[in-house]
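Report on the structure given below.
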Amino acid sequence: MSSSELTPESVPSTKGMPMLGLGTWENEDPDQCAESVRTALEMGYRHIDTAQAYGNEDAVGEGIAAADVDRADIFLATKVWISNLDYEDVLETTQESLDRLGTDYLDLLYVHWPSRTYEPEATLEAFDELYDEGTIRNIGVSNFEPRHIDAAREQLDAPIFANQVETHPMLQQTELRDYADEHDIEIVAYSPLARGDVFEMDVLSEIAEKHGVSEAQVSLAWLRANDVTAIPKATSEAHIRDNWESLSLELDEADLERISNVDRTRRKVDPGFAPW
Ligand code: NAP
């Protein structure tokens with residue numbers, strides 16, 4: 001398929017979640033952030049990822065309102081920050097997120113990290129309540145290791161839809177991917193371009209040159225071929241489009257194997273409160 005033929009329907013989806021979305025961390029200038037979201041939606045993106053901690057939920061909401069796309073056609077995800085994970089705070093701050101985003105429901109609400117005020121019983125009771133009343137359509141976790149998911153599954157009545165974790169060719173997360181497969185949980189790759197470091201990988205550059213595309217597209221196509229959803233952050237129209245065009249790129253078996261054999265580990269997001 002050529003890139004000019006790409007439509008929202010060209011994006012594969014897993015259980016209703018489009019496998020390519022727009023990340024918004026550090027897209028902090030409100031006008032710029034709203035413009036990036038509008039541009040992406042009008043290009044065909046239908047999955048937007050934000051978080052309470054990014055300080056841009058109102059700008060994301062403005063971008064959604066400005067785009068000529070129905071809210072019902074958008075898969076919108078946000079995350080509850082680590083200081084807001086007490087039972088009451090989950091309920092209160094989720095309402096605040098909804099108000100900022102200008103919507104009355106979320107397609108996916110994540111626990112951002114299993115850290116600080118996270119306590120499975122109280123936190124997840126609030127998530128179950130939001131799910132039961134229809135305020136959130138799916139429950140997600142982020143930066144969870146298998147042991148955290150095991151404990152969360154014990155606690156929750158609702159299913160865990162997704163685990164959002166850093167995933168790219170230099171952090172392939174095979175253990176987490178296998179665990180997710182076994183438990184019917186989607187993996188959403190954050191920092192799918194390793195925050196720009198994929199551009200320095202010779203293997204990716206060689207494959208990119210062979211196909212006449214960017215390293216970003218190669219990384220995103222490799223994730224997609226491995227059933228992983230990706231949410232690259234891009235600000236400019238050029239980057240948003242480059243990532244969109246990854247949907248036209250089909251890597252061959254040899255390309256996929258070369259990337260899967262990359263023997264280098266680099267984690268880009270590693271705050272002091274991380275559970276590993
Ligand atoms: P990323 O998507 O791997 O990389 C973003 C960087 O790559 C930006 O500097 C961006 O520049 C640049 N870029 C994007 N597309 C490009 C292209 N086609 N060509 C060249 N450069 C390109 O990193 P990320 O922002 O860390 O991760 C993506 C999203 O995942 C975040 O925005 C956020 O929504 C989510 N996330 C979640 C967590 C979590 O704890 N759950 C942690 C980190 C990230 P421009 O901005 O200039 O376009």
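Comparing mean-square fluctuations of ASN84, ASN163, ASN243 from a GNM of the chain with C-alpha springs under 10 Å, the top value falls on ASN84.
Heavy atoms of the protein chains alone define the surface here; on that basis the range 1-91 has 40 Å² accessible area per residue at 1.4 Å probe size.
Take the Cα of ASP70, step 7 Å toward its Cβ, do the same at TYR105, and the gap between the two points is 1.3 nm.
Expressed to the nearest 5 percent, the antiparallel share of DSSP beta bridges inside the range 139-258 is 10 percent.
What length, rounded to one decimal in nm, is gained on full extension from GLU154 through to ALA254, with 0.36 nm per residue of separation minus their alpha-carbon distance?
31.9 nm
Would you look at the GNM of the chain, springs on alpha carbons closer than 10 Å, and say which of ALA234, ALA221, ALA66 moves the most? Looking only at ALA234, ALA221, ALA66, the biggest GNM fluctuation is shown by ALA66. For the chain, give the percent of accessible area contributed by carbon and sulfur heavy atoms, probe 1.4 Å, rounded to a whole number. Accessible surface attributable to carbon and sulfur in the chain totals 41 percent.
For the chain, the relative contact order is 19 percent, taking Cα pairs closer than 8 Å that sit 6 or more residues apart in sequence and dividing their mean separation by the residue count. Relative contact order of the range 1-83, taken over Cα pairs closer than 8 Å and 6 or more residues apart, is 31 percent.
Site pair GLU121 and ARG147 shows an inter-label distance of 2.0 nm when each label is modelled 7 Å from Cα along Cα→Cβ. When the chain is treated as a GNM with alpha-carbon contacts under 10 Å, the residue of THR167, THR265, THR123 showing the greatest mean-square fluctuation is THR265. Dipole orientation for the range 31-174: of the candidates HIS47, GLN173, PRO120, GLN173 has the Cα lying most toward the positive pole (charges on Cβ; Lys, Arg +1; Asp, Glu -1).
The 1.4 Å probe gives accessible areas that order TRP81, TRP25, TRP222, largest first, as TRP25, TRP81, TRP222.
Any chance you could run the full-extension gain for SER83 through LYS15? It's 0.36 nm times the residue separation minus the Cα-Cα distance, nm to one decimal.
Full-extension gain reported as 21.5 nm.
Accessible surface area normalised per residue over the range 207-276 is 49 Å², counting heavy atoms of protein chains with a 1.4 Å rolling probe.
The values are calculated or read from the model by the stated rules, or taken from the named source; none is laboratory data. All of these numbers come straight from a predicted model, not from anything done at the bench. Every residue, glycine among them, receives a Cβ derived from its backbone with ideal geometry; neighbour counts consider all protein chains shown. Calculation scope for accessible area: heavy atoms of the full protein, side chains included, ligands and nucleic acids excluded. Shrake-Rupley method; radii C 1.70, N 1.55, O 1.52, S 1.80 Å.
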